[in-house]
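The values are calculated or read from the model by the stated rules, or taken from the named source; none is laboratory data. Remember, predicted model here, so these are calculated numbers, not experimental data. Glycine gets a Cβ as well: all are built from the backbone with ideal geometry, and neighbour counts include every protein chain shown. Just the protein is used for accessible areas: all its heavy atoms, side chains included, with ligands, DNA and RNA removed. Shrake-Rupley method; radii C 1.70, N 1.55, O 1.52, S 1.80 Å.
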Amino acid sequence: MEPKFEKPRLAINRVYTRQGDAGETGLAGGQRVAKDSRRIEAYGTVDELNSFVGLARATAASDSAVSSLSDILLRIQHELFNLGSILATLPEDVHPRQARITEAEIVQLEAEMDKMNEELPALRSFVLPGGSRLNAELHVCRTVCRRAERAVVALAREEQVPAEAAKYLNRLGDAFFVWSRWASHRSGIPETLWEPNRASSGGTLSE
């Protein structure tokens, strides 16, 4: 079966090029744009998210109770690179077999969330990040994912962006929340729920 996307066509022989010293960088089609442009902000935040996903994946791999999540997170890292590929390319430069996000990846996320949710108790309050390192890391992924989503939405107001981009990030943010709960559940770690009245009592240092 022929692969859906073409393999990367690049060779990185030297990391620094000095071409970005004036505050510009190159898109996939060769266009030079400001490093603080909305398009760079969008795929740069996706790249940041990928780094945090890698951190969570390493933590998940070290715990046999949740090691299966490590494989899912590895797939997500590949998908985020696919998303970055299409965001780094102007619409007129996209080629037919260029890596991108499709509806299939979104449907898969939904199916995985539904399956994991079946194991989890109903929530009676919001969940505070923490309880375990992996739980906290997945919540960091969730919030960075939401920031990436906002950046893509802002870009889409000004330029053409595939509809699947924001839709995927929206669903992925939900998935990180489900995965954080599932990881704690599988590891036997109680969730820390938001208690409004705890904000005004306890947890203070005595003089």
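Residue check: is THR143 open to solvent by 20 Å² or more (accessible area, probe 1.4 Å) and within 20 Å of LEU155 (Cα to Cα)?
yes
How many of the residues making up the stretch 114-139 are outside any loop (DSSP other than H, G, I, E, B) and surrounded by fewer than 18 Cβ atoms within 10 Å (Cβ to Cβ)?
Summing the residues that are outside any loop (DSSP other than H, G, I, E, B) and surrounded by fewer than 18 Cβ atoms within 10 Å (Cβ to Cβ) in the stretch 114-139 gives 7.
Taking the condition crowded, with 16+ Cβ neighbours inside 10 Å, in contact with a Leu (Cβ under 9 Å, 6 or more places away or on another chain) and in a loop (DSSP other than H, G, I, E, B), does VAL161 pass?
yes
Among (1) surrounded by 14 or more Cβ atoms within 10 Å (Cβ to Cβ); (2) part of a loop (DSSP other than H, G, I, E, B); (3) touching a Ser or Thr at 6+ places or on another chain (Cβ under 8 Å), where does PRO190 come up short?
Single failed check for PRO190: (1).
Report, by residue number, each residue of the stretch 72-103 that is free of Cβ contacts under 8 Å to residues at least 12 places away in the same chain and either touching a strand residue (DSSP E or B) at 6+ places or on another chain (Cβ under 7 Å) or not in a loop (DSSP other than H, G, I, E, B) (or both).
ARG75, HIS78
Taking the residues in the stretch 46-78 that are open to solvent by less than 10 Å² (accessible area, probe 1.4 Å) and over 9 Å from the mean Cα position of the chain (by Cα) as candidates, determine which candidate is farthest from ALA151 (Cα to Cα).
Out of the qualifying residues, it is VAL66.
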